[in-house]
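Q: My structure is below; once you've seen it, I'll send some questions.
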Amino acid sequence: MFFESAYAIADVRMAVNYGLDRVRFTAPVPVGSRLRARFTLKRWDAIDGGAQLGIEAVIERDGAAKPVCIAESLIRCFT
């Protein structure tokens with residue numbers, strides 16, 4: 001749900017969730033915690049018929065000193 005509300009990819013025939021890279025869970029998340037996420041495009045690599053995007057997700061918990069999860073989502077987009 002975080003991803004869909006954070007960004008949109010235009011002029012793409014098909015986008016495929018290619019998985020996660022460099023996933024780190026750095027702290028526990030108690031039930032009922034409020035979370036927020038920041039997304040940053042870290043890389044864009046050309047592939048046959050499109051591009052592979054590397055989007056870093058940093059997920060934070062209200063009141064925590066450090067993020068609770070850092071991961072890179074890999075999305076393959078075809079035009």
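A short reminder: the numbers here are calculations on the coordinates, not readings from a lab. The shown structure was predicted, so the numbers you read here are calculated from the model rather than taken from an experiment. All Cβ positions, glycine included, derive from the backbone under ideal geometry; neighbour counts span all protein chains shown.
Q: Given the convex hull over the Cα atoms of the chain, what projected area results after averaging over all orientations, in nm²?
A: So the mean shadow area of the Cα hull is 5.6 nm².
Q: Could you compute the net charge surrounding E60? Neighbours are other residues with a C-beta less than 10 Å from the C-beta of E60; K and R count +1, D and E count -1.
A: Charge balance near E60 sits at +4.
Q: Nothing charged except the Cβ atoms of Lys and Arg (+1) and of Asp and Glu (-1): what's the magnitude of the dipole of the chain about its Cα centre? Round to the nearest 20 debye.
A: Here the chain has a charge dipole of around 280 debye.
Q: Out of L20, I75, A10, whose Cα points farthest toward the positive end of the dipole of the stretch 2-78 (charges: +1 Lys, Arg; -1 Asp, Glu; placed on Cβ)?
A: Looking along the dipole axis, the top candidate is L20.
Q: Right, here's the next one. How far apart, in nm, are the 7 Å Cα→Cβ label points at A64 and M14?
A: 3.6
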